[in-house]
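Student: Right, I'll just put the structure down here and ask away after.
The values are calculated or read from the model by the stated rules, or taken from the named source; none is laboratory data. All values reported here derive from a predicted model rather than from experimental measurement. In this analysis, Cβ positions are derived from the backbone assuming ideal geometry, glycine residues included, and neighbour counts consider all displayed protein chains.
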Amino acid sequence: MIHALNKIVDWVENIMVVILMLVATVVAIVQVVARYVFNNSLYWSEELILYSLITMSFLAASMGVRYAAHISVEMLYAFAGPRLTRVLKYVATLLGFAFAATLVYYDAGPRGVHLPDDSGCRRLHAGSLSPDLPDPGGRQGLQAPRDHHERDLRKGTQ
């Protein structure tokens, strides 16, 4: 029973991934033609492409979990016995659930956890985490509050 249900879910996911990729590709081509040939942009195309790719990514990630096809480092499993390997897999699964629960808890937004305005999370800019990452905002996330304060001091207001 479960095997038959798994085959049906797999078939539906495969079809949905193909349809979403087809939609994203066709809409992107139509958008390019509309913009550069007819000089008229489709206002809805970018959102449709974005949501199609996001949905496709989530579906493909679930398929990767089902097939155990995600990238993993199995060096520890090679040296551990079968019993320890099973325990390590359970621990990894529990850590994954704990991480997911933490994400849900802190993503509660207005209904749940509120970070204070001066918390480090609100001031930290992604480009400041690693110098190798591109920083299209020019580190504005870190410098904007200080710049505004210095401008107010020059004007004589505080």
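Student: Does the stretch 55-67 contain any residue that is within 30 Å of LEU88 (Cβ to Cβ), touching a His at 6+ places or on another chain (Cβ under 9 Å) and in a helix (DSSP H, G or I)? First the steps, then the outcome.
Tutor: Going residue by residue through the stretch 55-67, those that are within 30 Å of LEU88 (Cβ to Cβ) are 57-67.
Those left that are additionally touching a His at 6+ places or on another chain (Cβ under 9 Å): 61, 64.
If we keep only those that are in a helix (DSSP H, G or I) too, we end up with 61, 64.
Yes, the stretch 55-67 contains at least one residue that is within 30 Å of LEU88 (Cβ to Cβ), touching a His at 6+ places or on another chain (Cβ under 9 Å) and in a helix (DSSP H, G or I).
Student: Right, here's the next one. Among the candidates ASN39, ASN6, single out the residue that is exposed (fewer than 13 other Cβ atoms within 10 Å of the Cβ) and either touching a Pro at 6+ places or on another chain (Cβ under 8 Å) or assigned to a loop (DSSP other than H, G, I, E, B) (or both). Step through it out loud before you land on a result.
Tutor: Details: ASN6 fails: either touching a Pro at 6+ places or on another chain (Cβ under 8 Å) or assigned to a loop (DSSP other than H, G, I, E, B) (or both).
None of the others qualify; the one that does is ASN39.
Student: Quick test for you: out of GLY127, GLY112, pick the one residue that is modelled with pLDDT under 80, surrounded by 10 or more Cβ atoms within 10 Å (Cβ to Cβ) and touching a Phe, Trp or Tyr at 6+ places or on another chain (Cβ under 8 Å).
Tutor: Working: GLY127 fails: touching a Phe, Trp or Tyr at 6+ places or on another chain (Cβ under 8 Å).
Of GLY127, GLY112, the one residue that is modelled with pLDDT under 80, surrounded by 10 or more Cβ atoms within 10 Å (Cβ to Cβ) and touching a Phe, Trp or Tyr at 6+ places or on another chain (Cβ under 8 Å) is GLY112.
Student: How many residues, within the stretch 27-63, are among the hydrophobic types (A, V, I, L, M, F, W, C) and closer than 30 Å to ASN6 by Cα? Don't jump to the end; show me each part of the working.
Tutor: Quick first cut of the stretch 27-63, residues among the hydrophobic types (A, V, I, L, M, F, W, C) only: 27-30, 32-34, 37-38, 42, 44, 48-50, 53-54, 56, 58-61, 63.
Subset that is closer than 30 Å to ASN6 by Cα: 48-50, 53-54, 56, 58-61, 63.
Total meeting the criteria: 11.
Student: Filter the stretch 79-105 for residues that are over 28 Å from ASP10 (Cβ atoms), touching a helix residue (DSSP H, G or I) at 6+ places or on another chain (Cβ under 9 Å) and assigned to a helix (DSSP H, G or I) and give the result.
Tutor: Of everything in the stretch 79-105, just one residue is over 28 Å from ASP10 (Cβ atoms), touching a helix residue (DSSP H, G or I) at 6+ places or on another chain (Cβ under 9 Å) and assigned to a helix (DSSP H, G or I), namely LEU84.
Student: Follow-up. Mind counting the residues in the stretch 64-93 that are loosely packed, with under 10 Cβ neighbours inside 10 Å, over 25 Å from LYS7 (Cβ atoms) and among the small types (Gly, Ala, Ser)?
Tutor: Count: 2.
Student: Please count how many residues of the stretch 68-78 are among the β-branched types (Val, Ile, Thr) and either in a helix (DSSP H, G or I) or more than 14 Å from LYS89 (Cβ to Cβ) (or both). Quick ask: steps written out before the conclusion?
Tutor: Of the stretch 68-78, the ones among the β-branched types (Val, Ile, Thr) are 71, 73.
Among the residues that remain, those that are also either in a helix (DSSP H, G or I) or more than 14 Å from LYS89 (Cβ to Cβ) (or both) are: 71.
Going through the stretch 68-78 one residue at a time, the tally reaches 1.
Student: Has the stretch 24-35 got at least one residue that is outside any helix (DSSP H, G or I) and either over 30 Å from SER72 (Cα atoms) or hydrophobic (A, V, I, L, M, F, W, C) (or both)? Talk me through it step by step, then tell me what you get.
Tutor: Going through the stretch 24-35, the residues outside any helix (DSSP H, G or I) turn out to be none.
For the stretch 24-35, residues outside any helix (DSSP H, G or I) and either over 30 Å from SER72 (Cα atoms) or hydrophobic (A, V, I, L, M, F, W, C) (or both): absent.
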